[in-house]
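Everything below concerns the one structure shown next.
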Amino acid sequence: MSDFKYSFDGSACASCGGKCCTGESGYIFCSIAELQKICEFLKISFNEFTQKYVKKVGYNFSLIEKRYLDGYACIFFDTETKKCGIYDVRPNQCKTFPFWDIYKNEENFQELLQQCIGIKVDKKYS
Ligand code: SF4
């Protein structure tokens, strides 16, 4: 993750309340292989799983969202525990957060800083 000017302290997630899984509407993109993994984890048929939890976005697939507070949450965000309900099989998009190329853009990075308390800016940049 050396191209990024920050590191990430995952222990901050315990007190965050899941801001990266909630808020404004967005997409949680999944490959077919990732969808299959989640489906196996949930022990339901692929057909039922895709009908209930997946939407097509152009040629891609995203998990759907649900209303939460004054915005949205990923359908698999557990609003009681404030944790991912499919953590072990969450898609790569979630696993790689907050090391996304869009955060190399300064404006996006400033938004990330507001959102994620786990971001630790490297000393040479702060
Ligand atoms: S799959 Fe899990 S980690 Fe990813 S957005 Fe949904 S609740 Fe969050």
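The values are calculated or read from the model by the stated rules, or taken from the named source; none is laboratory data. A quick note: this is a predicted structure, and the numbers were derived from the prediction, not measured. Every residue, glycine as well, gets a Cβ built from its backbone with ideal geometry; the counts of neighbours run over all protein chains shown. Ligands, DNA and RNA are excluded from the accessible area calculation, which covers all protein heavy atoms including side chains. Shrake-Rupley method; radii C 1.70, N 1.55, O 1.52, S 1.80 Å.
Roughly how many debye, to the nearest 20, is the charge dipole of the chain about its Cα centre, given +1 on each Lys and Arg Cβ, -1 on each Asp and Glu Cβ, and no other charges?
Numbers: 17 positive and 16 negative charges, 36 e Å.
Roughly 180 debye for the chain.
Relative contact order, percent, of the stretch 6-125 when contacts are C-alpha pairs under 8 Å separated by at least 6 residues?
Answer for the stretch 6-125 is 39 percent.
Viscosity 1.002 mPa s, temperature 20 °C: give me the Stokes-Einstein translational D for the stretch 54-126 in µm²/s, with Rh taken as the Kirkwood radius over C-alpha pairs.
On the way: Rh = 14.5 Å.
The estimated diffusion coefficient comes to 147 µm²/s.
For the chain, give the percent of accessible area contributed by carbon and sulfur heavy atoms, probe 1.4 Å, rounded to a whole number.
On the way: 4320 of 8400 Å².
Solvent-exposed carbon and sulfur of the chain make up 51 percent of the total.
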The stretch 32-99: which GluC sites (Glu not before Pro) are DSSP loop and have at most 11 other beta-carbon atoms within 10 angstrom?
E80
Taking DSSP loops as anything outside H, G, I, E and B, show the longest stretch in the chain free of chymotrypsin sites (Phe, Trp or Tyr not before Pro) there with at most 16 other beta carbons within 10 Å.
60-98
Out of A33, C84, N108, whose Cα points farthest toward the positive end of the dipole of the stretch 6-125 (charges: +1 Lys, Arg; -1 Asp, Glu; placed on Cβ)?
A33
Would you give the gap between the C-alpha center of the stretch 67-105 and the C-alpha center of the stretch 40-65, rounded to a whole Å?
16
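Taking the stretch 4-75, which trypsin sites (Lys or Arg not before Pro) meet the DSSP loop condition and have no more than 13 other C-beta atoms within 10 Å? It would help to have the intermediate numbers written out before the result.
Values: sites: K5, K19, K37, K43, K52, K55, K56, K66, R67; in loops: K5, K43.
Sites meeting the loop and neighbour criteria: K43.
For the chain, with every protein chain kept in place, what is the accessible area per residue (1.4 Å probe, Å²)?
Value returned for the chain: 67 Å² of accessible area per residue.
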Based on the Cα atoms of the chain, what semi-axes does the equivalent ellipsoid have, where each is the square root of 5 times one gyration tensor eigenvalue, given in whole Å with the largest first?
28, 16, 14
Starting at the first residue of the stretch 13-24, write each ³J(HN,Hα) from the Karplus equation 6.51 cos²θ - 1.76 cosθ + 1.60 with θ = phi - 60°, in whole Hz, x for Gly and Pro.
4, 4, 10, 8, x, x, 5, 7, 10, 9, x, 5
